[in-house]
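Structure first, commentary second.
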Amino acid sequence: MMANFNDLEPYRALWKAALHQKLVDATSDHPKQDLEGQRAKKQALQDINGNTRNFRFVCVCAGMDSDFVREAFMGGRIDPALLRAGTDHKAKEATT
């Protein structure tokens, strides 16, 4: 029996959320960031800049090309404000 690709969409959405969070963590610059936030930023930067297996896996599962995402990040073509706006929007939806 072959899998229906539509059945994979919930999983892909989950991995897209994981990739989004990694990018949010990597671009965070809050001066009073707690220790957990500092660790998350450090790990995200190591994953993206180092093109780690973990980063590539998350990208593949999200349906994204890891080289494209990494180059966009490294080239400054990913807007941190837009990333956080997406996070804030999702947080508001969860509380309503």
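The values are calculated or read from the model by the stated rules, or taken from the named source; none is laboratory data. Keep in mind it's a predicted model, so treat the numbers as computed, not measured. Heads up, the Cβs are rebuilt from the backbone with ideal geometry, glycines too, and the neighbour counts pull from every protein chain shown.
Below is a table of values for the structure above.
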quantity: Checking residue 46 against (1) under 21 Å from residue 86 (Cα atoms); (2) surrounded by 13 or more Cβ atoms within 10 Å (Cβ to Cβ), the condition it does not meet; calculated: (1)
quantity: Of the criteria (1) within 20 Å of residue 73 (Cα to Cα); (2) modelled with pLDDT of 90 or more, which one residue 30 fails; calculated: (2)
